[in-house]
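The values are calculated or read from the model by the stated rules, or taken from the named source; none is laboratory data. Since the structure is predicted, the reported quantities are computational estimates derived from the model, not experimental observations. Backbone-built Cβ (ideal geometry, glycine too); neighbour counts: all protein chains shown.
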């Protein structure tokens, strides 16, 4: 797995590089120190995962992620930070980042990188625990206004619960192909990018 590390603390970057490469499963293509580096290094190396801090001089990791995801919608970005600020988490999720874990959860970093590289979304336990509380702040969503059917509403809830397409198919007595079609339809109707944004949407509007 090829990654790029971006952190304004060079010691942190070097430590991460040493530990991750020692696993034999990760190659660090290059390291950067701010958001501008993140953009340039992503362009240069097209890594499997961009591992980046959030608060950095010149340009933040969130600003860099927004720029990268506009050009590369399939980019896999994992935020590793000491900050669990609600505002940062919400923005990271809405941008389409694949993960947000705290540096305190360092032991989960390698598994998180593997999961993100495989297309999964990963959020540290502290972040997951915050989701229902800080996203459920608006009036309830009227699905009918968007043409969302009762079956699609069930699917949205199961996606938010973290179920895979196979598990959803078993739960709703549908084929996996039908579940994929439902999911594509829901994402299109709600103008969302992926399952992560759909889960955020659920907690914000439906839970």
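Picking from 14, 50, which residue would you name as being assigned to a strand (DSSP E or B) and either in contact with a helix residue (DSSP H, G or I) (Cβ under 6 Å, 6 or more places away or on another chain) or in the same structural domain as residue 115 (by TED's automatic domain parsing) (or both)? The unique qualifying residue is 50.
Among the candidates 110, 62, 69, 78, which residue alone is closer than 25 Å to residue 162 by Cα and not in a helix (DSSP H, G or I)? On inspection, the qualifying residue turns out to be 78.
Anything in the range 181-204 that is surrounded by 14 or more Cβ atoms within 10 Å (Cβ to Cβ) and over 20 Å from residue 97 (Cα atoms)? List them, or say none. Within the range 181-204, 182, 185, 189 qualify.
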